[in-house]
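Notes to accompany the following structure.
The values are calculated or read from the model by the stated rules, or taken from the named source; none is laboratory data. What you are looking at is a predicted structure, and each value in this text was computed from that prediction instead of being measured. Here the Cβ is made from the backbone with ideal geometry for all residues, glycine too, and neighbour counts use every protein chain on show. Heads up: the accessible areas ignore ligands, DNA and RNA and are worked out on the full protein's heavy atoms, side chains in. Shrake-Rupley method; radii C 1.70, N 1.55, O 1.52, S 1.80 Å.
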Amino acid sequence: MQRFPQSSDEPVPVEDDGSGYLDRQFLVAMPGMGDERFARSLIYLCHHSADGAMGIIVNKAATDLTMPDLLMQLDIAQETDAIRLREQVGHMPVLMGGPVDAKRGFVLHSSDFRIDQSTLLIDDGVCLTATVEILRAIAEGCGPSSAILALGYAGWQAGQLENEIMANGWLTCAADPELIFNPTLDDKYDRVLRMNGIDPAMLSPIAGRA
């Protein structure tokens, strides 16, 4: 499977084994989160099982990188396409998806676009594709109607996420596809809290919940 950008061959556990767990939920970083890389992070959890977990941060932009820039850097589009790309896909954010394999790209997108044997259905309306073909489709104007590109992902070993939730490091709640794909990143963290009836100013004493 051809991926983008070039990176290690380390497998990413994204296939649902049917066990349930916290798949397809949001993880909301609590104010006391000890790891600064995840401060005020909103993570869409793509996979969670007894073997570990994998998710994508959906509210932190990659520094100084836009979708048109990336498409041209990867030679998927030419400089002559810059104006068209800014109008067509300039609204699609490029995110810092997590600290693991940060040079590898992952596209979370709507389910109106799929590539056989490459696209994984995570939930109704949310898919994950990590091949360069989806970027070509986006550049040509025939890709998904909604998409975000994340560089890297957040990963946990067996039992690690459960321990962090028990230590009040994360709040869990139902994910909202509209919020996942919303290109306005700055207020996603507070919005998901308020959608769940939580005042951000009163968050610290609240324990994680499923």
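Shape of region 12-137 from the C-alpha gyration tensor: oblate (a/c of 1.5 or more and a/b not above b/c, with a ≥ b ≥ c the square roots of its eigenvalues).
Given a 1.4 Å probe, how much area per residue of the chain is accessible, in Å²?
48 Å²
For the chain, a Kirkwood radius taken over Cα pairs fed into Stokes-Einstein (20 °C, viscosity 1.002 mPa s) yields D = 123 µm²/s. Each label point was placed 7 Å from the Cα along the Cα-to-Cβ direction; for L65 and R114 their separation is 2.9 nm.
Rg ratio for region 103-210: its Cα radius of gyration over 2.2 N^0.38 Å, N being its residue count, equals 1.25.
Between Q73 and A50, what FRET efficiency follows from the Cβ-Cβ distance if R0 is 45 Å, with the result rounded to 0.05?
Numbers: r = 39 Å, r/R0 = 0.86.
Efficiency at R0 = 45 Å is approximately 0.70.
Per-residue surface analysis assigns V126 an accessible area of about 0 Å², computed on protein heavy atoms at 1.4 Å probe radius.
Of all the accessible heavy-atom surface of the chain, with the other protein chains kept in place and a 1.4 Å probe, what percent is carbon and sulfur? Please report the intermediate quantities before stating the final value.
Details: 4890 of 10120 Å².
Taking all protein chains in place, the chain shows 48 percent carbon and sulfur surface.
Rounded, prolate or oblate: pick one for region 50-124, where a ≥ b ≥ c are the square roots of the eigenvalues of its C-alpha gyration tensor, a/c under 1.5 means rounded, and failing that, prolate if a/b is larger than b/c, else oblate. The shape class here is prolate.
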